Structure formats: structure tokens, C-alpha cells
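Engineer: Dropping the structure in here first, questions after.
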């Protein structure tokens, strides 16, 4: 059946106006979304506090939550990472650290991992911050590489986190981001990544993550936001918006060649928006077999000795290390994860 | 480094108490999440209204949004489905129809598709409702199959939607759900699905979706919720919670053998929680090339004739039907979809 579009035909000028209106509406949606995140944080903050107090008394709580993590995160957890989690992962916290900051974004968040004394690194706390930032053409999460103080011969990332930290320090001192590519630290990291290409990166490579696009500073982001607001104000006032000149600052550079952990923003987002709010449910999944109830036998089996290391280098199941390791690999049978 | 667990050792009784406390906390989280959904709906309702008014003037808005849909949804859109969307898909609406219903759930939602006169079916509106319901061991979305009035020889689901509707009608008349499996309508649908196994199901098979587990009636769900609340009240009051007897009502039946559209709940959830709130962004993606700005040429190319049907049976790109089809298959370059 032919579709009559006569009534829809629009001139380019009309369409331009339409897109301006669309941008206005979109910015209202973004403000609303920020408001929703703020409200959600306010509603849930006392519960998160209560949960933190509760799980402090539950052995292996966060190890088991991460063992039960969604596939999209599990894909990044290597066997040795599982050992680290089982052995010394003690506390975990997500915080929306810019939720009330007018210059920041309620979409920014940090992941804070707490560890006990262990054989791999000196750090008791590793905190990874993700800032929601803007450029003229992009918005998303960026992060600074976090230094991990690996013990001798124990660096699970084979020098990638250190090299990312070094590049970031050098990057902070350059004024022109297009010159970044000629820094020796850039070349070194790019080469390391290229060499390591076939090996699976440790989950701890996430601490080296910078961006799905490129590093964006707070200043650049503020400028982009300010410019956007001015454009929207003009549209709202019915003023002519200047055609944006295609400035000659297109990046010829593929910054992803120095990204240690591509997709790190997505992994972190799943951790912050799914695993953190639904941690109790993930924890419970460990004890559920085919949707059944807990039984005492299962509960009393929880505290097994964790020292029986699996040295075989095969896939390590945290359940086998901290739990009874009986459940097998299939996902929990009937429970639908709550959205 | 050996990990000292002596301080963590707990008796089965202590662990039982711990799990009761966990259930209490989890129910508080669920209430908070419902409150967040209600608040989000209240904040966004006026914007959705404004957007509906706006997109009524934008040709092919929803066709283009669905053309730009995330991979998890696109996997379910067959070439002929794309043709239907391009040809006659006019309006779309998601509604949280139980958001203020104390017996319902703010997680329930409906997808309402509006169509113009077309060659495939008589319906002008197809509405698919998803109810968030509970059983003793499960909670999730269930739905009733929706009758599609296919034109002669045009049923894209080869009788699957009709057969699902018939089974559901028969199911409503049976009193014992375990007898469902012996209904002739059950056998017929299971056989149809088995036969069709290799063919890709049309997106319109979503209208036949029932559940990722099994059908759960409003009555059964209310009973389960009531029972849960009583258990939690006992825990809160410090009373002994009876060990739940493993009732002999385990389902030996795999109800998924009559599910026309496995994963339909997940697809619908992505549509409701991602595509609906972010529709403006998906629409804009159509016009964005490598994160650049719109240009007039692109805008004026939007209103092409849609009657040049692609009869080859190859992958049909809605862009090629309603737009200029220039962009290729790669996802938008730099824009990160907002969470």
C-alpha cells in the first residue's frame, strides 16, 4: 500500500528548525534524567548504608557477588583475577561523588575496592573514578589510570597499568592534545598493548582505563557544556543559531591504541548500575539451585577452608574457593534479574 | 597469604538468621526501586507528552528509532519486519500502567504500536502488556498473547501468534496448570514451534510472548506477595519463621516449549527502558556520521519516496527505505549511549 507523504514534505529550513527543537527537548530529557539519578540516590542512600553494615558481618559477600556477576563483566575476569577476589577482596562501594555538584554530573561514579593483605599488591584500597564529561561531539565516561603497587613479579597486567599511569602524567603536562601521540610514553604504551594483543587482559587492567574516545579534562568539558547551553538559549529565544564552522580540530588520532581496557566504561557501568544496586540478589544466587530455597546443609558448607589453591591454571571458580563449588556453570534457573 | 576465617565461622542457625535479615533488606530495596520508578515516571511524564506532540510532526520518527535500535533488539528484527516498520509504523508509546496501582507493580509496562493501513494486518493498534508478577520461587514479566488480524497469506509468524492466543484461551479455562500440557492447544503450539525451529521468528512473534518461566495469573501473584509479606513481618517481629515445606508442586513441565518468543521479556525491557527514554538520541543517530553535525543536504534527503520496495529478500535497511541509506552498518562512532 503506497504511503502518502505529501503532508510530511518539509523544506530544509523547516527541518533545521525541527532539529533545533529536538536538541532543546533532548537537553530537557537529560536534565530530567539527572534529576532521576539524584532522587534515586537520595531514596537508596540509607539502604546502602544499612546494607554495608549488614554485609560487614557476611563472609565473602563481595567475592560471591563478583563470582555471580553478569556475563558482560565475567568475560573480563581471568582465572587469576578470581583467585585475587576469593583471597583478599573485602569491601566494595559505589559512590556518585558529583551528585550534588553543579559543575559535575550525577552520572559520574567511583568504584572503591578494599583488599586485605595479599601476595599481589600493597594497596589496601583501589578506587577508580569515572567522570561523565562532554566535548563538542561526544559525551561519556572518562577516567584517570590508577597506580597499583604490584609486588615484585606479581603484576597481573604485565606493566600495562604502570605504563598507562605514566602516559597520563605526561599527557597532563602537554598543552596540545594532538602532540600526545609523539610522547615517548604514548609510543611505549601503544607498543605494549600491541604486543600483548593476544593475551587476555586482567580485570585489574580496568584501573588503567581512560576513555572509549579520548581523555577529556574537566576544563574542556565545562567549556563544551557552556557552549551547548548558549546555543540552546539562542534556540529558546528564537534567535538564529550560527552554522557551526567545522573547526579544523578533528582528531586524526585513534586514541584507542593506548586504551588498555576497551569497553571499560561499559563494564564499570554494569558494575555501578546493576551489580551495586542488586548485590543482595547476586549474593543469594550463589545459594539457589533451580530456584529452590536455601537449606541448612548448604549454609553450613559456606565456611570451607580457602587455602586449597588451584594451581593448575585452569578456570578458577570462586565458588570452589570460598564455597562448595557444586552448582556448575549454568545461570540461576528461573529468577529474572530485576531491572 | 593464608586467610584467617576463625572470626567468620558461623553456625547454621546464625546463618539462617543472616538470610532472614537479608530477605528483609532485599524487600526494602525492592520497595525503594519501585519508589524510584514512580518518581522517574512523574519527572518524565510531561516530557514524554511534549515529545509525543513533537514527533507527530516528524516523518518516520519511530521507524528510524527502531532502525537504530540496539543490537539485542535488532537481532529479532527480520528483513520483512523492517519493511513493515518502514511502510506503516506510525506511533509508539510505552506506559507504566500500574504505576499507581497498589496491587500492581511500577515495573509492569505496555508497548503500544500504531500502524497505518497496510498489506500485512488489519490492526491499527497492537498493544502488548507486560505484568510484573510473583510466584513462590520466581518473579518477572508475564504477558498475554495478542491476537494479530493477519491479512490472507500475510501472517509473518506462520500461525504462531494465533496458536499462542488459542493456547492462552484454553489455559484460562483450566483450573490445574499441570494439566495444561495435555491440552490439544498446548501440543499444537509446541509442535508448530518445534517445526519452525530453524526459521527466524518475526519480531511480531513478540506479541505471542507469555513468560520466561510460565504464565502467572494476577491471583497467583497476589497470593505469593501476601505470603512473602507475612514471612517478612514474622522476621521483623523476631518470630520463628517456619521452614517452608517443599510442597509437591514443582513443575516437571518445561513451559518454554510453548514459548514463541524466548527472551521476549528482555527485548521488551530494552525497548521500554532504553529505546523509549532515549528515542530522540536514537533518532539523531540516523543523521550522525562519525559524530559530526547534521548538514542540510542530509536533512533534505530525508523525504525520499518509500515505494521502491526491495523484493530480493536480502537484509532490508530501513534507512534505505525511508532515508538515504548511506551510513553503512557500523554503530555510531563516538557517542556513548546515556544510561
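What follows is calculated from the coordinates using simple rules that are stated; it is not laboratory data. This is a predicted model, so every value here is computed, not measured. Quick reminder, even Gly has a Cβ in these numbers, built from the backbone with ideal geometry, and neighbours come from all protein chains shown.
Engineer: At 0.36 nm per residue, and after removing the present C-alpha to C-alpha distance, how many nm does the segment from residue A:136 to residue A:176 gain when stretched out fully?
Structural biologist: 12.7 nm
Engineer: Still on this structure: With only alpha-carbon atoms in the gyration tensor, what are the semi-axes of the equivalent ellipsoid for the stretch B:82-148, in Å, largest first?
Structural biologist: Equivalent ellipsoid semi-axes, largest first: 29, 13, 9 Å.
Engineer: Taking a quarter of the surface of the Cα convex hull of the stretch A:163-207, what do you get in nm²?
Structural biologist: The directionally averaged projection comes out at 3.4 nm².
Engineer: Okay, moving on. Relative contact order for the stretch A:108-166 using alpha-carbon pairs under 8 Å, separation at least 6, rounded to a whole percent?
Structural biologist: Across the stretch A:108-166, relative contact order equals 30 percent.
Engineer: Along its principal axes, what span do the Cα atoms of the stretch B:94-236 show, with the longest given first and each in whole Å?
Structural biologist: 59, 36, 27
Engineer: How many nm separate the modelled label positions at residue A:41 and residue A:254, each set 7 Å beyond the Cα in the direction of the Cβ?
Structural biologist: For residue A:41 paired with residue A:254, the spin-label model returns 3.6 nm.
Engineer: Using the 10 angstrom Cβ neighbour count as an exposure proxy, how do B:202, A:23 rank, fewest first?
Structural biologist: A:23, B:202
Engineer: In whole percent, what relative contact order does the stretch A:152-269 give with Cα contacts below 8 Å and a gap of six or more residues?
Structural biologist: 38
Engineer: Given an 8 Å cut-off on Cα distances and at least 6 residues of separation, report the relative contact order of the stretch A:45-106 as a percent.
Structural biologist: Relative contact order for the stretch A:45-106 comes out at 30 percent.
Engineer: Follow-up. Take the alpha-carbon positions of the stretch A:14-55, form their convex hull, and give its projected area averaged over all directions (one quarter of the hull surface) in nm².
Structural biologist: 3.3
Engineer: Now a separate question. Roughly what would the spin-label model give for residue B:236 and residue A:237, points 7 Å off Cα along C-beta, in nm?
Structural biologist: 5.5
Engineer: Sorted from fewest to most neighbouring beta carbons within 10 Å, what does the list B:60, A:168 look like?
Structural biologist: Ranking B:60, A:168 by Cβ neighbours within 10 Å, fewest first, gives A:168, B:60.
Engineer: Under a crude label model (7 Å from the Cα following the beta-carbon direction), how far is residue B:169 from residue A:273 in nanometres?
Structural biologist: Placing both labels 7 Å beyond Cα along the Cβ direction yields 4.2 nm.
Engineer: At residue B:257, with labels set 7 Å past Cα in the Cβ direction, how many nm apart are the copies from this one, shortest first?
Structural biologist: Nearest first, the other copies' label points are 5.7 nm away.
Engineer: Where Rh denotes the Kirkwood radius from the mean inverse Cα pair distance, what is Rg over Rh for the stretch B:20-105?
Structural biologist: Checking Rg against Rh, the ratio lands at 1.13.
Engineer: Can you compute log10 of I(q)/I(0) for the stretch B:1-153 with the Debye formula, treating each Cα as one identical point scatterer, at q = 0.08, 0.17, 0.20 Å⁻¹?
Structural biologist: -0.41, -1.17, -1.39
Engineer: So for B:141, A:24, B:280, B:156, fewest C-beta neighbours within 10 Å to most, what's the order?
Structural biologist: Lowest count first: A:24, B:156, B:280, B:141.
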